[in-house]
Each structure stands twice: as C-alpha cells, then as structure tokens.
Amino acid sequence: AHFRSTRCPFSYSERGRTRNLYWGLIAKHYPRAERKEIKFQTEWVKSHIEDFRRWLDGRPFVFIAGNHDYARPCEILADNGISAVDITNSFYQFKDFLFYGIPYITYMAGEWNYERTGTEMSREVDIMYRKFLEYGFPDVLCAHSPLAGILDTFAGTSFGNHVLLNKMLYEWEKMPKYYLHGHVHSGGISNLNGMYVSNAATTSRLIEIQK
C-alpha cells in the first residue's frame, strides 16, 4: 500500500501567516479570540473544497491536528463528498494497516494547542500506550511532533519529544514500523531501530507501507 505523507499545499498558515500567528498566540488565553480563529479556519476549509478535491484526487484524507489547528476539517470535507477521517487520539484501519494519531508537542510557552509539560506528556503517552495494548499496536504512528534528536531541529533549536522517544525505546514492548510527523519546518527521512521516520512538514512524500 502507498501512503502520501504531506502538508496541505494551500495551508491557511502560509496563506495568512502573520494573521494566523497572531490569533494562534492569543487564542489559548482569550476564548473570544479562539472562537474567531475557529471561525476563520472553518470558513477557509469551506472556501477551498474544490482545491482539496483536486489535490486528493479520490484518495482518503487522513488528518491529525497540530498546534496551529483550532478547527477540524474532516466533517466539512465529508459533508462535501470527500472521504476524510480525523485520527487525532484515535485509530484508523486502512486495508491491512492500523494507524494512530497523537497531536501533542513539547511545552514551549503555553500559547499553542496541544502543548504538554514533561509530566503531562508522560500521562498522555501512557494513555496512548494502554490503548495499544488493549486494541492493537499500530503499524503507523502519525504524530505532529518529531522525536527528540531525529529530524527535530530548526534554526539550531530542537523541538523533539523526549518523553515519547524514551518510552518508545525503554518501556514499550515493540515499536511502530513507521513514524510520520511534521511540526518542525524542515524535511527528511531517518531510521530508529528499524522504524522508518519521515518529516513531511514542508514537502510531500509517497511512502510504500509494508507489513
């Protein structure tokens, strides 16, 4: 099976970056601003339905929320006849492959969605892992954040998830076969103990997924 790991080529964060950054920074502290950002992102998705349709070309849209996301596009896309699934904190079975999505990022300043301190991140990762033990271990773990030390550096600063990396290496019974992420605006592929790692934050990458 082939899976395209990509950022949306017509993202609202690039279209109006200064405006999006401004609202993103204050939305966590002011509910009215957050509601305004949700409305902006929702209207943006509605105005780009045909762009999504052409871009996807019949393929399903698999979405995981990130720290800039305040609205969820999948319901809007589905209402317009586009196959779309939100896997934020949930499983998704595609043919023979099981996916799971984790949105959390390492705490920066408390100004973005899904920021977590070390203690909070540990709790979130443990909740996720208990789901794996109960329902099945995913072949593909889709995350917004990179793992610490792996494709996680921008302008000399590391933004990787130390908690997830350490638990994956030293506490989990096994690892996913694929780890797909974004967040850090660079790109590349790597490997961690046989696990394929891809950062597609600024690119589009066609990955052949194998059992």
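The values are calculated or read from the model by the stated rules, or taken from the named source; none is laboratory data. Predicted model only: the values in this text are computed from it and were never measured. Heads up, the Cβs are rebuilt from the backbone with ideal geometry, glycines too, and the neighbour counts pull from every protein chain shown. All accessible areas refer to the heavy atoms of the entire protein, side chains included, with ligands and DNA or RNA removed. Shrake-Rupley method; radii C 1.70, N 1.55, O 1.52, S 1.80 Å.
Some values worked out for this structure:
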quantity	calculated
Residue match in the range 111-120 (condition: in a helix (DSSP H, G or I), under 27 Å from D139 (Cα atoms), touching a helix residue (DSSP H, G or I) at 6+ places or on another chain (Cβ under 8 Å) and open to solvent by 20 Å² or more (accessible area, probe 1.4 Å))	yes
Condition met for N166 (surrounded by 12 or more Cβ atoms within 10 Å (Cβ to Cβ) and modelled with pLDDT under 95)	no
Selection within the range 126-163 - over 11 Å from N199 (Cβ atoms), crowded, with 21+ Cβ neighbours inside 10 Å and in contact with a helix residue (DSSP H, G or I) (Cβ under 8 Å, 6 or more places away or on another chain)	P138, N161, V163
Residue in the range 48-62 that is open to solvent by 70 Å² or more (accessible area, probe 1.4 Å), part of a helix (DSSP H, G or I), under 26 Å from N199 (Cα atoms) and not aliphatic (A, V, I, L, M) present	yes
M128 vs. criteria without any contact (Cβ under 8 Å) to a residue 60 or more places away in the chain and either under 16 Å from I64 (Cα atoms) or part of a loop (DSSP other than H, G, I, E, B) (or both)	yes
Given (1) farther than 24 Å from Y107 by Cβ; (2) surrounded by 17 or more Cβ atoms within 10 Å (Cβ to Cβ), number of the condition K174 does not satisfy	(2)
Whichever residue in the range 170-211 is among the β-branched types (V, I, T) and either in a loop (DSSP other than H, G, I, E, B) or more than 19 Å from F137 (Cα to Cα) (or both) and, among such residues, is farthest from the chain's Cα centre (by Cα)	I209
Residue among R72, R17, R35 that alone is among the basic types (K, R), closer than 22 Å to P146 by Cβ and at pLDDT below 85	R17
The lone exception for F94 - which of (1) over 18 Å from Y70 (Cβ atoms); (2) surrounded by 14 or more Cβ atoms within 10 Å (Cβ to Cβ); (3) at pLDDT 95 or above it fails	(3)
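Results for (1) charged (D, E, K, R); (2) touching a Phe, Trp or Tyr at 6+ places or on another chain (Cβ under 9 Å), shown as yes or no for each residue.
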position	(1), (2)
D57	yes, no
H68	no, yes
I87	no, yes
S90	no, yes
G101	no, yes
R116	yes, yes
M128	no, yes
A143	no, yes
L151	no, no
